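Please see the structure below; I have some questions.
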Amino acid sequence: MNTIFRKSMLSVAGLAFAGGVFAGPIAAHANPAADAKPVAAVQTTAAKPQGDQSHITLNGEQTANVKAIIAATKKAGLPERAAVISIATSLQESKLENLGHLGDANDHDSLGLFQQRPSSGWGTPEQITNPEYSTTAFLKGLRQVDGWQDMPLTDAAQTVQVSAYPDAYAQWEQQATDLVGQYWNS
C-alpha cells in the first residue's frame, strides 16, 4: 500500500513539475499590460464566448436597431446580459436588419429583427417589424427561461427562438457584448 501511495504522489508531483516547466517560460514572457485590449465592461456571469466569433460592420440602420434593443431592454428593467443575448440573437437572425417578408427566400412567415413568426404567436406583422415590440417579445420569452442569466448565450437564445441552428447564436456574443458596452450608457 505504501508503494502505491508513494508512486501516486510522485506521479502527481511530476505532473505539477512538468506543468510548471512548460507554462513557466510562457508566463514569464507574458506582458499583460502590453497585451491588454480595451474590453466592454458588460457585467455577466457567463463564461467567455463559445467558439469562433463572427463580426460585421454595421450601417446606420443596424446601429439604430442596436440602440432600440438596448432601450427596450432597459425599459423592461433587465440587465446588460439580456441586451447582449438579444443583440446576438438579432445578429444571427437578421444581421440587425428589420426584415419584411422576403418572398421565396423567407423562412415561412418570419419577420423583423428576430425573425419572429405571426403564425407562431409572436404578434402581427406590424408589431413584429417594430424593433421595440419585437425586442420586448423576445425578452418576455427570455424571462421565462429558468437561469438564463447564467447559461451560455446560445442556450438562452435557442430556448426562446427554437432555431434549426441552435449553436449559431454563439458566434455573435463578442460583437454583441462590445455593442452593449459601447451603447448601454449613451
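The values are calculated or read from the model by the stated rules, or taken from the named source; none is laboratory data. The model shown is predicted, which means the values in this text are computed figures rather than measured ones. When we count neighbours, we look across all protein chains shown, and the Cβ atoms used for this are built from the backbone with ideal geometry, even at glycine. What goes into the accessible areas is simple: the full protein's heavy atoms, side chains included, and nothing from ligands, DNA or RNA. Shrake-Rupley method; radii C 1.70, N 1.55, O 1.52, S 1.80 Å.
Select, from G112, G121, the only residue that is free of Cβ contacts under 8 Å to residues at least 24 places away in the same chain, more than 15 Å from the chain's Cα centre (by Cα) and open to solvent by 40 Å² or more (accessible area, probe 1.4 Å).
None of the others qualify; the one that does is G121.
Now for a different question. Any idea how many residues of the range 141-162 are surrounded by fewer than 18 Cβ atoms within 10 Å (Cβ to Cβ) and among the small types (G, A, S)?
Selection size over the range 141-162: 1.
A follow-up question, please. Among the residues of the range 61-103, which ones are open to solvent by 50 Å² or more (accessible area, probe 1.4 Å), within 16 Å of Q182 (Cα to Cα) and aliphatic (A, V, I, L, M)?
The answer is A64, A71.
Let me ask you something else. Being surrounded by fewer than 17 Cβ atoms within 10 Å (Cβ to Cβ), within 19 Å of A72 (Cα to Cα) and either touching an Asp or Glu at 6+ places or on another chain (Cβ under 9 Å) or modelled with pLDDT under 95 (or both): is that true of V180 here?
For V180, the condition - surrounded by fewer than 17 Cβ atoms within 10 Å (Cβ to Cβ), within 19 Å of A72 (Cα to Cα) and either touching an Asp or Glu at 6+ places or on another chain (Cβ under 9 Å) or modelled with pLDDT under 95 (or both) - is not met.
Check T63, T73, T89 and return the single one that is among the β-branched types (V, I, T) and either modelled with pLDDT under 95 or more than 24 Å from Q50 (Cβ to Cβ) (or both).
Testing whether each residue is among the β-branched types (V, I, T) and either modelled with pLDDT under 95 or more than 24 Å from Q50 (Cβ to Cβ) (or both) leaves just T63.
For D167, only one of the following conditions fails: (1) farther than 16 Å from T73 by Cα; (2) among the charged types (D, E, K, R); (3) at pLDDT 95 or above. What is its number?
That leaves (3) as the condition not met.
(1) over 16 Å from S94 (Cβ atoms); (2) at pLDDT below 95; (3) of a type in the set (K, R): which one isn't true of R143, the others all being true?
Only one criterion in (1) over 16 Å from S94 (Cβ atoms); (2) at pLDDT below 95; (3) of a type in the set (K, R) is unmet by R143, namely (2).
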